[in-house]
1. Which value, in debye to the nearest 20, gives the size of the charge dipole of segment 296-349 about its Cα centre, when Lys and Arg are +1 and Asp and Glu are -1 at the Cβ?
2. Please calculate how many Å² of accessible area the chain carries per residue, with a 1.4 Å probe and no DNA, RNA or ligand atoms counted.
3. Would you mind classifying the chain by shape? Square roots of the alpha carbon gyration tensor eigenvalues, ordered a ≥ b ≥ c; an a/c under 1.5 is rounded, otherwise it is prolate if a/b is larger than b/c and oblate if not.
4. If the cut-off is a Cα-Cα distance under 12 Å, which aspartates and glutamates reach K229, setting aside same-chain residues fewer than 8 apart in sequence?
5. Dividing the convex hull volume of the alpha carbon atoms of segment 133-240 by its residue count, what do you get in Å³ per residue?
6. Over the chain, what is the percentage of antiparallel beta bridges among all DSSP beta bridges, to the nearest 5?
7. So if I place +1 on the C-beta of Lys and Arg and -1 on the C-beta of Asp and Glu, and nothing else carries charge, what would the dipole magnitude of the chain be about its Cα centre? I want it in debye, nearest 20.
8. Give me the accessible area of S317, 1.4 Å probe, in Å² rounded to the nearest 10.
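The values are calculated or read from the model by the stated rules, or taken from the named source; none is laboratory data. As the structure is a prediction and not an experimental result, all values here were calculated from the model. A quick note on method: Cβ atoms are made from the backbone with ideal geometry, for glycine too, and the neighbour counts reach across all protein chains shown. Ligands, DNA and RNA are stripped out before the accessible areas are found, and what is left, the full protein with its side chains, is counted by its heavy atoms. Shrake-Rupley method; radii C 1.70, N 1.55, O 1.52, S 1.80 Å.
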Amino acid sequence: MRLLLSAAIVMLSCPIWVNASVLPEKQVHETVLDNGMKVIVKEDHRAPIMVSQVWYKVGSSYEPDGITGVSHVLEHMMFKGTTSHPPGEFSRIIAANGGTENAFTGRDYTAYFQTMASDRMEISFELEADRMRNLLLLPEEFAKELEVVKEERRLRTEDKPTGQLYEQFLAVAYRSLPYANPVIGWMNDLNHMQVDDLAKWYRRWYAPNNATLVVVGDVVPEEVFKLAKHYFGPLKREQLPELKPLREPEQKGEVRSVVRVPANEPHLIMGYKTPVITTAETAWEPYALEMLVAILDGGNSARFSRDLIRGSEVAVSASADYNAFSRLPGMLMLDGTPARGQDIDQLEQALRDQIARLRTELVTEEELERVRNQVIASKVYELDSVFYQAMEIGMLETIGLDWRLADRYVDELKKITPEQVREVAQRYLRDDNLTLTRLDPLPMDNTKPRQAAAGGRHGG
């Protein structure tokens, strides 16, 4: 089912359409409107539905100190009315037409989406184009929604031991990059946020020339482009800020910190700074790191589950994570909870032993092939979801990569050798490149858990 790329580029009058697949049901087409907005369409005719997503190139990593969290607060306000549609009408119209909608904010993007019957696509476009430039940002709605966001932060971070652990870990690990800031923002910044901060952020970034429209489903590309031109085409482009290049200074020693809060059990996070696709000097390294993580945590037969949870029983949970696709350099992270009768020191040593093994021993071809097959199968299954297909395209485009990279992903993984896995382990999984944060539990109090905050349905 892997997509095959065609070099055929069909030049039409305007816009330019690119037929990017030799498989009819997987065809991808793209165009750029006169105002700079990119439109990408992927046909998938297995069901009469479509997902429409608008991606903006702005997220928490764009935010300066003092207004952290502004992208996420603005995401909430995007459902609070325009000059044409009063607060609440956006969601009501989508629901009345049998659709679902939501949004999410990440470090490198903010995205809005609707899933509907294919013949209701025009409704989605009209509503999204309207709120791209005509948001009201009413002070009374802002005041209410800001309280919702603050409560969301309390639930996800301040009342959650692992949330506090993760937040401190990132704040300590990154010395320069804005990935040190939480997506939801610091509470002090939320307490001092003004509706004018959102108005400036909205006007600066929510412009057609900073957005990508992705539509996947049972649609005809020509009809999508025609509707996109009708609704989004009249919107004026904006002068976008020039971004300075950001890089993390080289780490020259292990960094450790401790979080002491009421909790039921200890927890440990370890992170090694690593390159990603957008920053790697050697193109294959991010793919080798992806394979390395799959060797450690690629299912029940992977090393963490086999050796640490079932084997030595040192951990009740252990996981590894790495994302090759981000705007700025990231980290390969390990985390875990010690099993009953074990302590956090034993867990840390067990995780270090696993890293040492990767640095000194070659992975066997048999193990590498088994992991590779699992990763490839996972990528194939993801194509069953029209939402995920759109998300993959939108994410790649928004962080500055070509959506065609998704097609090359599996081929790049296939090329990775045992020697390359060992090489990235030796180069990046070093103690001098490590940040480690431990959760040291204090006795639990009897505080009742908070109720879910109203309005917290958005992705955050």
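1. Details: 5 positive and 8 negative charges, 48 e Å.
Charge dipole of segment 296-349: 220 debye, to the nearest 20.
2. On the way: 20340 Å² over 460 residues.
So the chain comes to 44 Å² accessible per residue, rounded to a whole number.
3. Values: a/c = 1.93, a/b = 1.28, b/c = 1.51.
Oblate.
4. Within reach: D34, E122, E126.
5. In segment 133-240, the Cα convex hull volume per residue is 174 Å³.
6. Numbers: 47 of 61 bridges.
So the antiparallel bridges amount to about 75 percent of the total.
7. On the way: 54 positive and 68 negative charges, 74 e Å.
Around 360 debye, computed over the chain.
8. It works out to around 50 Å².
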